[in-house]
1. Whole number in Å², please: accessible area per residue of region 157-225, 1.4 Å probe, ligands, DNA and RNA not counted.
2. Restricting attention to region 118-187, which trypsin sites (Lys or Arg not before Pro) occupy a DSSP loop and are surrounded by at most 15 other Cβ atoms within 10 Å?
3. What does the net charge come to around Val44 if you take all other residues with beta carbon closer than 12 Å to its beta carbon, with K and R at +1 and D and E at -1?
4. Between Tyr224 and Val197, how many nm apart are label points set 7 Å from Cα along the C-beta direction?
5. Which ³J(HN,Hα) values, rounded to whole Hz and listed in residue order, are derived for region 62-73 from phi using the Karplus coefficients 6.51, -1.76 and 1.60 in 6.51 cos²θ - 1.76 cosθ + 1.60 with θ = phi - 60°, glycine and proline given as x?
6. Out of the total accessible area of region 117-224 (probe 1.4 Å, heavy atoms of protein only), what percent is carbon and sulfur?
7. For region 117-224, what ratio Rg/Rh do Cα atoms give with a Kirkwood hydrodynamic radius?
8. Return the percentage of antiparallel bridges among DSSP beta bridges fully within the chain, rounded to the nearest 5 %.
Amino acid sequence: MTDEQEKVPGGAVRVGVLGARGRMGAEVCRAVDGADDLALVAAVDQGDELSAAASAEVVVDFTTPDAVMDNLRWCIERGVHAVVGTTGFTGQRLEQVRGWLADRPDVGVVIAPNFGIGAVLMMQFAARAARHFESVEIIEQHHPRKLDAPSGTATHTARLVAQARAEAGLGPAPDATRDEVSGARGADIDGVRVHAVRATGLLAHQEVLFGTLGETLTIRHDSYDRVSFMPGVLLAVRAVRQRPGLTVGLDALLD
Ligand SMILES: NC(=O)C1=CN([C@@H]2O[C@H](COP(=O)(O)OP(=O)(O)OC[C@H]3O[C@@H](n4cnc5c(N)ncnc54)[C@H](O)[C@@H]3O)[C@@H](O)[C@H]2O)C=CC1
Ligand SMILES: O=C(O)C1=N[C@H](C(=O)O)C[C@H](O)C1
């Protein structure tokens, strides 16, 4: 047993945080420290050895899309459960993770594009509304230090909405645009237009705008503080050891 493990109060889940000096990682370290049933055994950031997290039962990753796959592979190979908030998970990446987990069926991984409970509900409501409206566009707004656009949340929402539209037999949303300055109509994610705004003062916000004859419906969520993500992160940390395999999104944990 290592020195770190000896310090852990009996029964507490040993948690390691990757990206610990980042905006989210630092908030997660505070949240884990403040929870009686969890013990922070490793706070790892760029330049630190990943082996510092070897004594963790659960690792939480809030790093970068470039770093997260190597981190996840390291965790799965060592039998360490993982809770991942880092963005950049394409279908191909999720398949890769499932492949690694096939060799370690005892390991649980939760990957959630957004740990905010309100954001999860916003995505569910959007998926539910999608089949009733011929038009839909997503507008996400974030702080200007964000590296990726559009956000993981907007990308995930677009995929959910596109799936619901396809299941309802809806075709493309009407749009007569013929001359376009490149980018003016946003990114096309599975046929859904997504617009990304970056401005000082913002944190993480999203609107899903639906339209049909004579009416619109706007579903909006705002995170004003990174504490908004912590109940969801801690929920996943507590649940992941009992959920072998890959769980995408918080929905199954909330139910
Ligand atoms: N799922 C969710 O609810 C949320 C997800 N995010 C996502 O989390 C990620 C991090 O966001 P922020 O904390 O704002 O970014 P940040 O840039 O403040 O933090 C990232 C940290 O990771 C560190 N890092 C980079 N490579 C590393 C490696 N190989 N090993 C360990 N640490 C490494 C960096 O040095 C930095 O300290 C982004 O992808 C962001 O979109 C952010 C907020 C909520
Ligand atoms: O970088 C952020 O800040 C956020 N990233 C996540 C995303 O890309 O969806 C979640 C939230 O929007 C905050």
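The values are calculated or read from the model by the stated rules, or taken from the named source; none is laboratory data. The structure presented is a predicted model; accordingly, all values stated were derived computationally and were not measured. Don't worry about glycine lacking a Cβ; one is built from the backbone with ideal geometry, like all the others, and counts go over all protein chains shown. Surface areas here come from the heavy atoms of the whole protein model, side chains and all, with no ligands, DNA or RNA. Shrake-Rupley method; radii C 1.70, N 1.55, O 1.52, S 1.80 Å.
1. 62 Å²
2. For trypsin sites (Lys or Arg not before Pro) across region 118-187 that sit outside H, G, I, E and B with at most 15 neighbouring Cβ atoms in 10 Å, the list reads Arg145, Arg178, Arg185.
3. -3
4. Taking the two extended label points, one gets 1.7 nm.
5. For region 62-73, the Karplus curve yields 10, 10, 9, x, 6, 9, 5, 5, 4, 4, 5, 4 Hz.
6. So the carbon and sulfur contribution to the accessible surface is 52 percent.
7. Reported Rg/Rh, Kirkwood definition of Rh: 0.96.
8. Around 45 percent of the beta bridges assigned by DSSP in the chain are antiparallel ones.
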